[in-house]
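Here's the structure we're looking at; comments come further down.
The values are calculated or read from the model by the stated rules, or taken from the named source; none is laboratory data. Note that the structure is predicted; figures quoted are calculated from it, not measured. Neighbour counts are summed over all protein chains in view; Cβ atoms, including those assigned to glycine, are modelled from backbone coordinates with ideal geometry. For the accessible areas, the whole protein counts, side chains as well, though only heavy atoms, and no ligand, DNA or RNA atoms are used. Shrake-Rupley method; radii C 1.70, N 1.55, O 1.52, S 1.80 Å.
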Amino acid sequence: MTLQALLISTDDSACESVSRALSAYGIAVERFSDVATALDRLHQQRFDALVIDFEDANSAAEVLAESGKLTSGNPPVTVALLSEPARTRELLSNGLHFVLYKPVSEQRAIAGLRAVTALLNRERRRAQRVPVQAPVELTVPDGRKIEGILLDLSETGMDVLTAEPQVAGLLLNFRFTLPDGDLQIDAHGQVAWANPNGQNGVHFLDLEDSVKSQLKVWLQAAASANRAGAEETVPHCKLTDLSLGGCYVETDSPFPEHALVDLCLKTGEMSVHTEGMVRVAHPGYGMGVEFPSRTPEQRAQVGNLIGFLQSCPQSSLEMSVSPRALVADINQFEHSANNENAEEEMEDPLLELLRNGTALQQEAFLEELHRQRSGESVTT
């Protein structure tokens, strides 16, 4: 199923650049200039991303508030088009995910939206919604049979396209055969959401246990054939500051604050990975990432990263960052006062700066970051 983005702006130039960039990443775009019309569309169609121009701050806030009330699926990833960088910290602290600064060139949009695309693809794969093209037969309560096309499939439901729109809450029977022909599914479902174009989300109600097991195996096999690739990675990142507690990464496409990410350092055939949580993001510039350290395994990951850096020629290192989840488990990063690592953390100026970074404007944060640097700074 194609990822969908709703773009709301009266700025024709910015819309053209953003639309071209999203289309290049395989994301379908619907653009509206009128907020009222856009809000109507938001309630009719499920969107994976919202791109909102903050030229009219009140209208933008209204759209964000309405998007937060949606109940069908995960909330959309949000992107602000912003001409006043001084407002960035306010918006990010209020939960907005990404910021693109105006004027928006196509090149800037492609760079800035790379992380958006990576995150959307990761979230879709994590939910194990597998794109499927197969015919499906629906039987509605009055006995009519409706032919449809299966768009994607998960363990708990499916997206199906029909010639006529259905109604949310409708109970129906469905029958389809998976593309390899090994499994036919015949069961009941309920329409969870319905769009005017005939696209419907159907929640499964009574799959037999044996069918559930076979479907799970099929989905896992289909998903494993599409593991994380270039579409889920932000390449060409630069590690500029590193401590046992965290690091700062320069990239023109940082991930949202609180996101769980995977950092990969690679040279030749060797690579090392470690996870982290984005503590502070600076749109178009970089992000500060805290490392988890509650368990020996987590601390070993960080040790491996540092050892890898010390053993490899810096000129041959490549760094990339991939998303793992939109929101990390905060319990993996915050310790009690009795934790044995608490004293070490208090002596980690970089970690302390990362944790307090959202209270600083970007310029003030970077000034403090530069002040902390020594001749032993890590650069890749």
Dipole size in debye (nearest 20) for the range 226-313 around its Cα centre, Lys and Arg Cβ +1, Asp and Glu Cβ -1? 220 debye
Within the accessible area of the range 253-293, what % is carbon and sulfur when the probe is 1.4 Å and the other protein chains stay in place? 53 percent
What is the local net charge at Val160, summed over the other residues whose Cβ is closer than 15 Å to its Cβ (Lys, Arg +1; Asp, Glu -1)? -2
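Roughly what % of DSSP beta bridges within the range 82-181 run antiparallel, to the nearest 5? It would help to have the intermediate numbers written out before the result.
On the way: 17 of 18 bridges.
Antiparallel bridges: around 95 percent, rounded to the nearest 5.
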Output the 0 to 90 degree angle, nearest 10, between the alpha-carbon long axis of helix 209-224 and the longest principal axis computed from the alpha carbons of the chain. 50 degrees
Quick one: if the Förster radius is 45 Å, what FRET efficiency do Ala28 and Gln310 give, using the C-beta to C-beta distance and rounding to 0.05? 0.45
If you place +1 on the Cβ of every Lys and Arg and -1 on the Cβ of every Asp and Glu, how big does the dipole about the Cα centre of the chain come out, in debye to the nearest 20? 580 debye
If you count the DSSP beta bridges with both ends in the chain, what percent of them are antiparallel, to the nearest 5? 75 percent
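Which of the trypsin sites (Lys or Arg not before Pro) across the range 89-185 are loop residues per DSSP, with 13 or fewer other Cβ within 10 Å?
On the way: sites: Arg89, Arg108, Arg114, Arg122, Arg124, Arg125, Arg126, Arg129, Arg144, Lys145, Arg175; in loops: Arg129, Arg144.
Of the trypsin sites (Lys or Arg not before Pro), the ones in loops of the range 89-185 whose Cβ has at most 13 other Cβ atoms within 10 Å are Arg144.
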Over the chain, with a single point scatterer placed on each C-alpha, what log10 of the ratio I(q)/I(0) does the Debye formula yield at q = 0.08 1/Å? -0.48
0 to 90° range, to nearest 10: angle between helix 12-24 axis and the chain longest Cα axis: 80 degrees
If unit charges are put on Cβ atoms (+1 for Lys and Arg, -1 for Asp and Glu) and the dipole of the range 115-249 is taken about its Cα centre, the option from Val160, Ala118, Leu242 lying farthest towards the positive end turns out to be Leu242
On a 0 to 90 degree scale, rounded to 10, what angle separates helix 57-67 from the longest Cα axis of the chain? 60 degrees
How much accessible area per residue does the chain have, counting only protein heavy atoms and a probe of 1.4 Å, in square angstrom? 47 Å²
State to the nearest 20 debye the size of the charge dipole of the range 175-223 about its Cα centre, where the only charges are +1 on K and R beta carbons and -1 on D and E beta carbons. 160 debye
Rg and Dmax of the range 1-103, Cα atoms, in Å? 12.6, 37
